[in-house]
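Right, one structure below, let's go through it.
The values are calculated or read from the model by the stated rules, or taken from the named source; none is laboratory data. What you see is a predicted model, and the numbers here were worked out from it, not measured in a lab. Here the Cβ positions follow ideal geometry from the backbone for every residue, glycine too, while neighbour counts run over all protein chains shown.
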């Protein structure tokens with residue numbers, strides 16, 4: 001049996017102390033591998049192109065290019081690379097901006113080591129992880145209910161709810177006793193009705209607008 005490759009992680013933070021702490025954290029997890037460190041968003045974009053990490057741990061407030069701009073750039077050019085925002089701030093507009101830019105997760109720097117490791121693994125699998133503060137910020141940012149949600153069928157709401165819970169399409173299929181193709185069909189309908197083009201966007205909208 002071939003050995004499972006570790007998840008390649010790029011750390012982006014303008015504080016050397018933070019980068020050092022995250023580097024030590026990654027070293028204790030055999031399934032996680034540090035491939036590089038960047039001190040601003042511009043470096044993050046360049047290093048992502050050069051090093052091809054699986055997951056980027058991204059600070060937000062940095063010189064030259066902030067984390068939101070860097071996340072947007074990385075996700076547009078390298079859609080298979082997932083970005084987890086790791087910051088000290090959870091203001092409504094910052095959370096919204098990061099997720100709209102394509103971040104797969106939003107965590108605060110007081111997160112535990114176990115929670116961060118699990119978030120990296122989840123992001124690598126395409127599942128979103130949000131801190132409770134980030135979830136609350138999304139809810140606060142919801143100015144009005146979204147009408148397309150009224151068009152969702154009961155089954156589509158059920159599938160969307162399991163997406164929010166972090167289940168993959170295959171796990172949703174197993175839970176609901178459906179075929180994988182049927183789940184993908186429901187997911188496509190959900191995206192169309194909500195006016196989004198990805199699972200991350202659908203989950204973000206579902207949390208923000210309290211659709212499930």
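I'm trying to understand the selection: among the residues of segment 190-212, which are surrounded by fewer than 16 Cβ atoms within 10 Å (Cβ to Cβ) and either over 23 Å from residue 83 (Cα atoms) or assigned by TED's automatic domain parsing to the domain that holds residue 103 (or both)?
Passing the criteria: 192, 210.
Restricting to segment 19-34, count the residues that are farther than 17 Å from residue 123 by Cβ and either outside the structural domain of residue 52 (by TED's automatic domain parsing) or crowded, with 17+ Cβ neighbours inside 10 Å (or both). It would help to see each step written out before you state the result.
At the first step, the residues of segment 19-34 found to be farther than 17 Å from residue 123 by Cβ are 19-21, 23-24, 27-28, 30.
Imposing the further condition that a residue be either outside the structural domain of residue 52 (by TED's automatic domain parsing) or crowded, with 17+ Cβ neighbours inside 10 Å (or both) reduces the set to 19.
Number of matching residues: 1.
Mind telling me which of the residues 181, 161 ends up being modelled with pLDDT under 90, surrounded by fewer than 16 Cβ atoms within 10 Å (Cβ to Cβ) and either part of a helix (DSSP H, G or I) or in contact with a strand residue (DSSP E or B) (Cβ under 7 Å, 6 or more places away or on another chain) (or both)?
Details: 161 fails: modelled with pLDDT under 90.
Testing whether each residue is modelled with pLDDT under 90, surrounded by fewer than 16 Cβ atoms within 10 Å (Cβ to Cβ) and either part of a helix (DSSP H, G or I) or in contact with a strand residue (DSSP E or B) (Cβ under 7 Å, 6 or more places away or on another chain) (or both) leaves just 181.
Conditions (1) surrounded by fewer than 21 Cβ atoms within 10 Å (Cβ to Cβ); (2) outside any strand (DSSP E or B); (3) without any contact (Cβ under 8 Å) to a residue 40 or more places away in the chain, marked per residue:
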| residue | (1), (2), (3) |
| --- | --- |
| 65 | yes, yes, yes |
| 69 | yes, yes, yes |
| 75 | no, yes, yes |
| 79 | yes, yes, yes |
| 89 | yes, yes, yes |
| 93 | yes, yes, no |
| 103 | no, yes, no |
| 106 | no, no, yes |
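Restricting to segment 112-130, name every residue that is surrounded by 16 or more Cβ atoms within 10 Å (Cβ to Cβ) and outside any helix (DSSP H, G or I).
Those that are surrounded by 16 or more Cβ atoms within 10 Å (Cβ to Cβ) and outside any helix (DSSP H, G or I): 127, 128, 129, 130.
Only residues that are out of contact with any strand residue (DSSP E or B) (no Cβ under 8 Å at 6 or more places or on another chain) and within 15 Å of residue 204 (Cα to Cα): list them for segment 64-100, please.
92, 93, 96, 97, 100
Any idea how many residues of segment 1-13 are surrounded by 18 or more Cβ atoms within 10 Å (Cβ to Cβ) and either at positive phi or in a loop (DSSP other than H, G, I, E, B) (or both)? Can you show your working first?
Restricting attention to segment 1-13, the residues satisfying the condition of being surrounded by 18 or more Cβ atoms within 10 Å (Cβ to Cβ) are 7-13.
Okay, now just the ones that are also either at positive phi or in a loop (DSSP other than H, G, I, E, B) (or both), so 13.
The qualifying residues number 1.
Given the structure, is residue 30 free of Cβ contacts under 8 Å to residues at least 24 places away in the same chain, on the phi < 0 side of the Ramachandran plot and over 21 Å from the mean Cα position of the chain (by Cα)?
Details: free of Cβ contacts under 8 Å to residues at least 24 places away in the same chain: no; on the phi < 0 side of the Ramachandran plot: yes; over 21 Å from the mean Cα position of the chain (by Cα): yes.
Against the criterion (free of Cβ contacts under 8 Å to residues at least 24 places away in the same chain, on the phi < 0 side of the Ramachandran plot and over 21 Å from the mean Cα position of the chain (by Cα)), residue 30 does not qualify.
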